[in-house]
Amino acid sequence: MRSLVKSFIIFLFVIATVIPALRAQVNMPFYKDIQSFKKQDSLHFPPAHAILFVGSSSFTKWVDVQDYFPGYNIINRGFGGSSLPDVIRYADDIIFPYRPKQIIIYCGENDFASSDTISVNTVYERFKNLFFLIRKKMPDVPVAYISMKPSPRRQHLMPEFLQANTMIKEFLKSKSHTVFIDVYKKMLIDDGTPVKDIFLQDSLHMNAGGYRIWQKIIQPYLMK
């Protein structure tokens, strides 16, 4: 009888411990997006040594990215609205399992947009944290960072984007197997404002015209 009571108490303890932890996990930002990726992987796991695109909604909405780069194996793991801490949080789910031959990162915009208190140095340090996390587990995998883009909706943040881009570019210069891909300049008109007709109605996300600009700039840096 005592062993039965003891077992029941242990059972209640486990339930009291596990259920709150599971609820907390489910309530984490972008949990459903990550589970969706995992479901896709369970049905058809991507080939190893592909090129991994990871980051925020500019990748999420590039649903036909593979069509832009024929001859390359692309894995797209962009999840919309994500910031650099989100990519760091889910690195074990959306980066390391794929054993990519190259990692292309687009993230940082949403960090600035999330709060007026986020500084350029904060975003820069967040990027470095992600970079060193990748380097710790994948010391030789080439890493490319695509510059934060200008857009009509976030024109007020362009000075911060430009400064952070510059800092990240300089940081990557000192690291091996890295490249900074600058899409910023090609998305501006002569007066320094964003080209409007390459964006969707939300003035934030790109249409096919914007992605064609990205294609031309990115492709020379992709590994065969």
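Measuring only protein heavy atoms, the 1.4 Å probe finds K185 accessible over about 140 Å².
Per atom type, the chain shows carbon and sulfur on 57% of its accessible surface, probed at 1.4 Å. Placing a label point 7 Å from the Cα of S176 along the Cα-to-Cβ line, the residues of the stretch 102-129 whose backbone N sits under 18 Å from it are 102-103. Of D116, D86, D93, the order by accessible heavy-atom surface (1.4 Å probe, DNA, RNA and ligands excluded), from most exposed downward, is D116, D93, D86. To the nearest ten degrees, helix 120-137 and the longest principal axis of the Cα atoms of the chain are 60 degrees apart. When +1 charges are put on Lys and Arg Cβ atoms and -1 charges on Asp and Glu Cβ atoms, the dipole computed for the stretch 48-171 relative to its Cα centre reaches about 220 debye.
The order of D190, D67, D182 by accessible area, most exposed first and with a 1.4 Å probe, is D190, D67, D182. Taking only the C-alpha atoms of the stretch 74-194, the Rg (one decimal) and the largest Cα-Cα distance, Dmax (whole number), read 14.3, 44 Å.
Here the convex hull built on the C-alpha positions of the chain has a volume of 160 cubic angstrom per residue. Annotation for E125 and K196: the two label points, set 7 Å from Cα along the Cα-Cβ direction, are 3.9 nm apart. Among the protein heavy atoms, those of H156 account for about 130 Å² of accessible surface (1.4 Å probe, every chain in place). For the chain, the longest principal axis of the Cα atoms and the long axis of helix 158-173 meet at an angle of about 80 degrees. With respect to the chain, whose longest principal axis is taken over its alpha-carbon atoms, helix 208-218 is tilted by about 90°. Positive contributions from Lys and Arg (+1) and negative ones from Asp and Glu (-1), summed over other residues with Cβ under 10 Å from the Cβ of V141, come out at +3.
Based on Cα contacts under 8 Å between residues 6+ apart, the stretch 131-224 shows a relative contact order of 30 percent. Working from the Cα coordinates of the stretch 47-103, the gyration tensor eigenvalues give, after taking √(5λ), semi-axes of 19, 15, 6 Å in decreasing order. When V54, V63 are compared by accessible area of protein heavy atoms, the largest-first order is V63, V54, using a 1.4 Å probe. What figure in square angstrom, to the nearest 10, would you give for the accessible area of T193 with a 1.4 Å probe? The value for T193 is about 40 Å².
For the stretch 57-135, dividing the convex hull volume of the Cα atoms by the residue count gives 91 Å³ per residue.
Can you classify the stretch 135-203 as rounded, prolate or oblate using the Cα gyration tensor, where a ≥ b ≥ c are the square roots of its eigenvalues, rounded means a/c under 1.5, and otherwise it's prolate if a/b beats b/c and oblate if not? Cα axes put the stretch 135-203 in the prolate bin.
The values are calculated or read from the model by the stated rules, or taken from the named source; none is laboratory data. All figures in this text were calculated on a predicted structure; none of them were measured in a lab. Note: ideal-geometry Cβ built from the backbone for every residue, glycine included; neighbour counts use all protein chains shown. These accessible areas exclude ligands, DNA and RNA; they are computed on the full protein's heavy atoms, side chains included. Shrake-Rupley method; radii C 1.70, N 1.55, O 1.52, S 1.80 Å.
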